[in-house]
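Enquirer: Following this message is one structure expressed as structure tokens.
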């Protein structure tokens, strides 16, 4: 099936493009561990290394959506386990707010997800990545998807 | 400071639905401090509105700028050039800022990006409370620096009303009883005797009720 972008037009050869903002102290280490253990996860995800999910500003996420990204995963430490005490709790409030905005403007809040995990939870990281890729695949391309973003996700 | 909050994105989008080139103007004073209309908040609103319009197939040419103060012509004049290129302006200032910009650019539609609420203070991160009505006849000296005109739900000048419970107002249990605070404060500064005075009815002629007010101070006029 050729996915639709919600505006009636269809985009051939579409693969979801997803950004994962990963906290240095947990999700990034978990992704690294997943790599060390040779665990496979979809190549649709591009990881952005963040010092803490609390450092991820609303503008960073909104700009990525404006540029046509199909989904965003914000991966922070387990609640209570933030290296900076409450950066992940702040990130959750911000992602909740952005989800509201995305729903109102027609992008869809389901395209943004926040998860909590520890540095040792490589299998969980892989599962969460698989989940968001499948969720976004089911949603179809972002309504802000433009034709120049249809290149293969495997390219550097 | 003046406390405001952003208008819902959907309302903002509808306000400018008829325009193709819009200038978003933030204000660097009160509304920046209350996280409603500063450079960052204008940026967030811009992302949202641009995306919404693109999805609707009506892309918006949007310019963002933040000036130091929207309520002074001295700063508004910096908007002359970007305003000349826009079909409409959205002011993320308080109500005074919106009107100051509208006066400065009489031929441009100017819309408010915020809802302006009150004069207040920051209680904790992202929590503001109202402290002053701007009644024009300050009575804070009599009440230990606590304003019952603003903070008492019944505006009692000879309180308390007797309805408070556990130091909280009977009108809103989340709000502390202003008269409890007045008492505590006067006791702390050794001026409880002020409560013996019967305060006469307030002169409201200095307040807003007869319409917008004007202050002229000749000593500072040039």
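The values are calculated or read from the model by the stated rules, or taken from the named source; none is laboratory data. Owing to the predicted nature of the structure, the values given are computational and were not obtained by experimental measurement. Quick reminder, even Gly has a Cβ in these numbers, built from the backbone with ideal geometry, and neighbours come from all protein chains shown.
Enquirer: Within the range B:60-80, track down each residue that is free of Cβ contacts under 8 Å to residues at least 24 places away in the same chain and either touching a strand residue (DSSP E or B) at 6+ places or on another chain (Cβ under 6 Å) or more than 21 Å from residue B:107 (Cα to Cα) (or both).
Expert: B:75, B:78
Enquirer: So, residue B:144, is that one modelled with pLDDT under 95, surrounded by 18 or more Cβ atoms within 10 Å (Cβ to Cβ) and touching a helix residue (DSSP H, G or I) at 6+ places or on another chain (Cβ under 6 Å) or not?
Expert: No, not satisfied.
Enquirer: Tell me whether the range B:178-188 contains one or more residues that are within 22 Å of residue B:38 (Cα to Cα) and surrounded by fewer than 16 Cβ atoms within 10 Å (Cβ to Cβ).
Expert: Taking every residue of the range B:178-188 in turn, none turns out to be within 22 Å of residue B:38 (Cα to Cα) and surrounded by fewer than 16 Cβ atoms within 10 Å (Cβ to Cβ).
Enquirer: State whether the residues of the range B:5-25 include one that is out of contact with any helix residue (DSSP H, G or I) (no Cβ under 6 Å at 6 or more places or on another chain), in a helix (DSSP H, G or I) and within 24 Å of residue A:60 (Cα to Cα).
Expert: Yes, the range B:5-25 contains at least one residue that is out of contact with any helix residue (DSSP H, G or I) (no Cβ under 6 Å at 6 or more places or on another chain), in a helix (DSSP H, G or I) and within 24 Å of residue A:60 (Cα to Cα).
Enquirer: In the set A:82, A:77, which member is closer than 15 Å to residue A:20 by Cβ and more than 14 Å from every other protein chain (Cβ to nearest Cβ)?
Expert: Unique residue meeting the criteria: A:77.
Enquirer: Determine whether the range B:67-85 contains at least one residue that is within 14 Å of another protein chain (Cβ to nearest Cβ), surrounded by 18 or more Cβ atoms within 10 Å (Cβ to Cβ), in contact with a helix residue (DSSP H, G or I) (Cβ under 8 Å, 6 or more places away or on another chain) and in a strand (DSSP E or B).
Expert: No, the range B:67-85 contains no residue that is within 14 Å of another protein chain (Cβ to nearest Cβ), surrounded by 18 or more Cβ atoms within 10 Å (Cβ to Cβ), in contact with a helix residue (DSSP H, G or I) (Cβ under 8 Å, 6 or more places away or on another chain) and in a strand (DSSP E or B).
Enquirer: Kindly provide the set of residues from the range B:26-37 that are assigned to a loop (DSSP other than H, G, I, E, B), in contact with a helix residue (DSSP H, G or I) (Cβ under 8 Å, 6 or more places away or on another chain) and either within 14 Å of chain A (Cβ to nearest Cβ) or surrounded by fewer than 23 Cβ atoms within 10 Å (Cβ to Cβ) (or both), ordered by number.
Expert: Selection gives B:28, B:35.
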